[in-house]
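See below for the structure under consideration.
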Amino acid sequence: MNIFKTKLRNYNTRKRFFVLLLVVVVMFVAVFGKLAYVMLWQNSELQVKALSQWLRDVPNEAARGQIVDRNGEVLADTSTLYTIYVRPNSVTDKIAVANVLSNVLELDHKKVTEKISKHASEITIANGVTKDQMTLLFSSGLDGIYYGEDNLRYYPYGDFMSQLLGFTSSDGNGQTGLEAYYDRYLEGVDGKILTETDLVGREVTNGTTYYVPSIAGGTLVTTVDTTIQRIVQMAVNKAMTVYNPKNVACVVMNYKTGEIVALAEAPSFDLNNVPRDDIASLFSMSRSTIVSNVYEPGSTFKILTAAIALDTNSVTVDQRFYCAGSQVVDGQKIKCWKTKGHGSITFAEGVEKSCNVVFMNSAMAVGTTNFYKYLRAFGLTEKTGIDMAGETSGILINESSVKVVDLARIGFGQAIAISPIELLCSTSAVVNGGTKVTPRILNYVYDTATSTIIASSQSSKGARIISEQTSATMRELLKAVVTKGSGKGAYVAGYDIIGKTGTAQKYANGIIAQGKYVSSFLGYSLEEGAEYGVLFIVDEPEGYVYYGSLVAAPLVGEIFQGIFNYLDIEPNYTAEDKAIIGDKFELPSFEGMTLNQAKNALTKLGLYFEVSGDGNVVKSQFPVVGAEVDKRNTVLLIT
């Protein structure tokens, strides 16, 4: 029995020993495992934490990338300024530090002293300090003063392409325009300056300072041509001065490649002095009406209707129509702009004279299904894809809901709303041989650090929409508008220009807003080396002078003349130029004449005319009596 008890006691002792040994082994394994984990896997993380306790950092803001035009001219740039900091625990002579800071930075001495006497690890003294000021501060050799680099965004031309370029926030982030759209390429990577400090934040004697350099943002090279932009800007400013409209907008695009070379809008603002205190006004002025607004285009839309009708063989150039001044469709009377009617005219004459009746019947001949098929192909049911923020797409009546009367109105540019950029792109396809165009502003992004191109945008030939033959026919028809019709104001002697005027009534609360119009001209240069389309829109010009032929067409003519001069494209004068322009002469008076007498007199003089009013006697005219004119001028008769 004693032997059994002795064996049992020995067994329990060995068992306890093995359990204890196992516990010790497990503890050692856990400790060494944790140690290995910390050394191997948490090494970097702990080093970072340690450094954050040993080092103080001052931010070094990255320079935002430049925005330049196609020729390298700077449109948006960044200047380096500095922020001055003080670390109170590192200051050894507070009086001297307060003196130098207040003197160099022109600050209140008492306030500076109070700031640097606070119990804080770091205090900001001033922002926007120049390099010369910063150099003076550090030449004093005083302890506790530090600096960080800041960047000030500035625009060399101020109020210039404001909607296109956009602006940045106070933190340097893009908020509108290209600044926002391409922010990811422009923003860069911030750096920092690190200094060794002790537990209370004092800089360690003979400690090391580490400099982590910032990486500047990329240079955004655009398709814009600053010289053409200046030409366009002058025309826009002139329209604002002469007609006092609600707003003016103009865009110039290469109709073969889609490259935007100019975009100007008014009213506008200086990008170096953004009116942030009036948010509603800023929002209104900073959004581009070219891409963000839709409107009823009116007669400029007839370019598309004509192209669709010809491409589907629904009409022929010589087909005759009869315009009595109006036409009843689905029981509704729809007027032509010429309420007395054009009489019997061909389709070609209908394009030249912009007869609503011709375009109503052309659209109805095509039919809703085919017409909408082409509208989709022209891109009017979707965004164009332009690289600008805030683009909107057209508003069309649902195809299944379109009545015959709706189709008739769409045919001459009513009952449909599209953006200006959609109109320019879709009609460009009519002119360029029949292929779709995608507008673009980006050329490429250049990384200055690596000297490489990190992003680019290339033009590519789009899908075919109409045949080359239809496109060629349309170019001839639109040429007649400029040489004989309402677009004569845009004619430039010695150059091949085509186009279409537009005068669209505006609506308010579903009814026509009396006296409010959108005047426009859509012109194209067929000159080699200047394959540009120009859309010029004047919203609500004041007074009786509101026709696109009088308001917008002459300004587009001035833009084309400026472009041809800039590009050194020589004119090719012909006998036709002399016949179209004629000699300059003083405009006689038509006041007091009957409307027919005035029309006959103007026809003999070779002048195109518009009529405002329903009277039968001319009460006044524009241009005024005695004005120097030639055959390119359009005369407004007010009855």
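The values are calculated or read from the model by the stated rules, or taken from the named source; none is laboratory data. Please read all numbers here as calculations on a predicted model, not as lab measurements. With ideal geometry, Cβ positions are generated from the backbone for all residues, glycine too; neighbour counts draw on all protein chains shown. For accessibility, only protein heavy atoms count, side chains too; no ligands or nucleic acids. Shrake-Rupley method; radii C 1.70, N 1.55, O 1.52, S 1.80 Å.
Contact annotation: residue pairs with Cβ atoms under 8 Å, 6 or more positions apart or on different chains, pairing a residue in the range 580-592 that is assigned to a strand (DSSP E or B) with a partner that is surrounded by fewer than 12 Cβ atoms within 10 Å (Cβ to Cβ), are Phe585/Glu628; Glu586/Gly626; Glu586/Glu628. In the set (1) touching a residue at least 60 places away in the same chain (Cβ under 8 Å); (2) under 27 Å from Ile537 (Cα atoms); (3) among the acidic types (Asp, Glu), Asp496 fails one condition alone, (1). Taking the range 621-639 as the range and being surrounded by fewer than 19 Cβ atoms within 10 Å (Cβ to Cβ), within 23 Å of Trp337 (Cα to Cα) and free of Cβ contacts under 8 Å to residues at least 40 places away in the same chain as the test, only Pro623 passes.
When you check Phe283 against the structure, is it among the aromatic types (Phe, Trp, Tyr) and open to solvent by less than 10 Å² (accessible area, probe 1.4 Å), yes or no?
Numbers: among the aromatic types (Phe, Trp, Tyr): yes; open to solvent by less than 10 Å² (accessible area, probe 1.4 Å): no.
Judged against the criteria, Phe283 is not a match.
When the range 286-299 is filtered for residues that are open to solvent by less than 40 Å² (accessible area, probe 1.4 Å) and over 16 Å from Thr384 (Cβ atoms), the ones remaining, listed by number, are Ser286, Gly298, Ser299. Considering only residues that are in contact (Cβ under 8 Å) with a residue 60 or more places away in the chain, part of a strand (DSSP E or B) and among the polar types (S, T, N, Q), which ones fall in the range 297-338? Those that are in contact (Cβ under 8 Å) with a residue 60 or more places away in the chain, part of a strand (DSSP E or B) and among the polar types (S, T, N, Q): Gln327, Gln332. Scanning the range 103-112 for residues that are within 16 Å of Thr130 (Cβ to Cβ) and in a helix (DSSP H, G or I) gives Asn103, Val104, Leu105.
Taken residue by residue, the range 581-588 has at least one member that is in contact with a Lys or Arg (Cβ under 6 Å, 6 or more places away or on another chain) and modelled with pLDDT under 85. A single entry from Leu75, Leu55 fulfils the requirement of being surrounded by 13 or more Cβ atoms within 10 Å (Cβ to Cβ), at pLDDT below 70 and touching a strand residue (DSSP E or B) at 6+ places or on another chain (Cβ under 8 Å): Leu55. Of the residues making up the range 529-544, those that are open to solvent by less than 10 Å² (accessible area, probe 1.4 Å) and outside any loop (DSSP other than H, G, I, E, B) are Gly533, Val534, Leu535, Phe536, Val538.
In the range 97-120, which residues are of a type in the set (Gly, Ala, Ser) and open to solvent by 40 Å² or more (accessible area, probe 1.4 Å)?
So in the range 97-120, the residues of a type in the set (Gly, Ala, Ser) come out as 98, 102, 117, 120.
Within the range 97-120, Ser117 is the sole residue that qualifies.
Total residues in the range 158-174 satisfying the condition of being touching a helix residue (DSSP H, G or I) at 6+ places or on another chain (Cβ under 8 Å) and in contact (Cβ under 8 Å) with a residue 24 or more places away in the chain: the figure is 9.
Going by the conditions given, is Val556 of a type in the set (Val, Ile, Thr), in a helix (DSSP H, G or I) and crowded, with 17+ Cβ neighbours inside 10 Å?
Yes, satisfied.
Only helices (runs of 4 or more DSSP H) whose full extent lies in the range 353-444 are considered here, and the ones with at least 3 residues that are open to solvent by 20 Å² or more (accessible area, probe 1.4 Å), within 21 Å of Thr312 (Cα to Cα) and without any contact (Cβ under 8 Å) to a residue 40 or more places away in the chain are 368-377.
Only residues that are modelled with pLDDT under 95 and under 17 Å from Arg409 (Cβ atoms) were counted across the range 339-353, and they come to 1.
Of the residues making up the range 589-615, just one is exposed (fewer than 11 other Cβ atoms within 10 Å of the Cβ) and modelled with pLDDT under 85, namely Asp614.
When the residues of the range 616-639 are filtered to those that are in a loop (DSSP other than H, G, I, E, B), farther than 29 Å from Lys479 by Cα and not small (Gly, Ala, Ser), which remaining residue is modelled with the lowest pLDDT? Of everything passing the filter in the range 616-639, Thr639 is modelled with the lowest pLDDT.
Yes/no per residue for (1) part of a helix (DSSP H, G or I); (2) surrounded by 18 or more Cβ atoms within 10 Å (Cβ to Cβ); (3) without any contact (Cβ under 8 Å) to a residue 60 or more places away in the chain:
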site	(1), (2), (3)
Ala504	no, yes, no
Glu527	no, yes, yes
Ser549	yes, yes, no
Ile563	yes, yes, no
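Only one of Ser486, Ser519 is open to solvent by less than 10 Å² (accessible area, probe 1.4 Å), among the small types (Gly, Ala, Ser) and over 13 Å from Arg632 (Cα atoms); which?
Selected residue: Ser519, the only one of Ser486, Ser519 that is open to solvent by less than 10 Å² (accessible area, probe 1.4 Å), among the small types (Gly, Ala, Ser) and over 13 Å from Arg632 (Cα atoms).
Among the numbered conditions (1) open to solvent by less than 10 Å² (accessible area, probe 1.4 Å); (2) out of contact with any Pro (no Cβ under 7 Å at 6 or more places or on another chain); (3) of a type in the set (A, V, I, L, M), the only one that Val251 does not meet is (2).
So, Glu265, is that one surrounded by 20 or more Cβ atoms within 10 Å (Cβ to Cβ), modelled with pLDDT of 85 or more, within 20 Å of Pro554 (Cα to Cα) and among the acidic types (Asp, Glu) or not? Please lay out each step first, then the result.
On the way: surrounded by 20 or more Cβ atoms within 10 Å (Cβ to Cβ): yes; modelled with pLDDT of 85 or more: yes; within 20 Å of Pro554 (Cα to Cα): yes; among the acidic types (Asp, Glu): yes.
Answer is yes for this residue.
Scanning the range 565-588 for residues that are within 15 Å of Tyr491 (Cα to Cα), open to solvent by less than 40 Å² (accessible area, probe 1.4 Å) and out of contact with any Asp or Glu (no Cβ under 6 Å at 6 or more places or on another chain) yields a total of 2. Among the residues of the range 450-472, those that are within 17 Å of Phe378 (Cβ to Cβ), open to solvent by less than 50 Å² (accessible area, probe 1.4 Å) and not aliphatic (A, V, I, L, M) comprise Gly462, Ser467, Thr470, Ser471.
Return a yes/no flag: does the range 216-224 have any residue that is out of contact with any helix residue (DSSP H, G or I) (no Cβ under 8 Å at 6 or more places or on another chain) and at pLDDT below 95. Yes.
Kindly evaluate Arg276 against the criterion of being basic (Lys, Arg) and either modelled with pLDDT under 95 or buried (at least 19 other Cβ atoms within 10 Å of the Cβ) (or both). Yes, satisfied. The set of residues in the range 508-548 that are among the hydroxyl-bearing types (Ser, Thr, Tyr) and farther than 22 Å from Ser288 by Cβ comprises Ser525, Tyr544, Tyr546, Tyr547. Against the condition of a type in the set (S, T, N, Q) and either open to solvent by 30 Å² or more (accessible area, probe 1.4 Å) or in contact with a strand residue (DSSP E or B) (Cβ under 7 Å, 6 or more places away or on another chain) (or both), how does Thr305 come out, does it pass? No, not satisfied. Scanning the range 121-155 for residues that are open to solvent by less than 50 Å² (accessible area, probe 1.4 Å), part of a loop (DSSP other than H, G, I, E, B) and free of Cβ contacts under 8 Å to residues at least 40 places away in the same chain turns up nothing.
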